[in-house]
């Protein structure tokens, strides 16, 4: 199975990986800020956007290998939310393929665990999984609202998220199930600190899914974006684009 990609701009490679339930269109508002500096590759995850779903393709390594198969050599990888898990795993599996990484509103471990208070209570993720079986559309809409909860510009950011979500067909139900399982079960701690691939992070001050308290537990430079929730690249696009341009020196 080959994942769908959307390509624009000129310059060094920049790979953008979206989060759970979304698609590559979510990056659309940022493109005018990036295309003069980067050859931008936006990928649709398995069963999302224009990418097909294939049964049995449900482990983190499966998804990461699928993204690696369409990623240019030596690109800067950016992973938002669930996409950040794939970014972190690729940094472990194939460090020679990446030049630098930026995790946006993501974490090595989404679920709260013993000695890890920075995660989502597992019962919340299990409730989402149960709700998906009954009303997938309503569950996704609720999840979109959670991503902007607490942000100063929540209404405007939510409008953008909904518009870009509606730009493509709904994700495949089994892709949604597989993605929730990855969020619930994946634990990439501790991340290797001796990797040749620089690791950078952007967190939202008001994020209710990946809390800013995570900052002290992450290796590498971390910036907390004031007033941002779970989608800082939509609420603060200029800031995020400026941080990405700084990573060009690694390419």
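Placing pseudo-labels 7 Å out from each Cα toward the beta carbon at residue 187 and residue 162 gives an inter-label distance of 3.8 nm. Sorting 181, 206 from the fewest to the most surrounding beta carbons within 10 angstrom yields 181, 206.
The coefficient of translational diffusion for the range 125-183, derived via Stokes-Einstein from the alpha carbon Kirkwood radius under 25 °C and 0.890 mPa s, stands at 200 µm²/s. Extension gain for residue 174 to residue 65 (0.36 nm times residue separation, less C-alpha to C-alpha distance): 37.4 nm. For residue 131, put the label point 7 Å out on the Cα→Cβ axis and report which residues of the range 99-117 keep their amide N under 19 Å from it. Counting backbone N atoms under 19 Å from the label point, the list is 110-112. Contact order for the chain, expressed relative to its length and based on alpha carbon pairs under 8 Å spaced 6+ residues apart, stands at 23 percent. Between residue 194 and residue 121, the FRET efficiency from the beta-carbon distance, with R0 = 41 Å, is close to 0.80. Going from the fewest other Cβ atoms within 10 Å to the most, the residues 91, 163 appear in the order 163, 91.
Given the options 234, 188, 14, which has the most mean-square fluctuation in a GNM of the chain, springs set between C-alpha atoms less than 10 angstrom apart? The residue with the greatest mean-square fluctuation here is 188.
The overall shape of the chain, judged from the alpha-carbon gyration tensor, is rounded, with an a/c ratio under 1.5.
With both residues required to sit in the range 5-250, DSSP beta bridges show an antiparallel share near 15%. State whether the range 1-83 is rounded, prolate or oblate according to the following rule on the C-alpha gyration tensor (a ≥ b ≥ c being the square roots of its eigenvalues): a/c under 1.5 gives rounded; otherwise a/b larger than b/c gives prolate, and the remaining case gives oblate. Verdict is prolate for the range 1-83.
Counting beta carbons within 10 Å around each of 77, 116, 20 and listing the fewest first gives the order 116, 20, 77.
Taken together, the values in this text are just the output of simple stated rules run on the coordinates, not laboratory data. Quick caveat: nothing in here was measured; it's all calculated off a predicted structure. Heads up, the Cβs are rebuilt from the backbone with ideal geometry, glycines too, and the neighbour counts pull from every protein chain shown.
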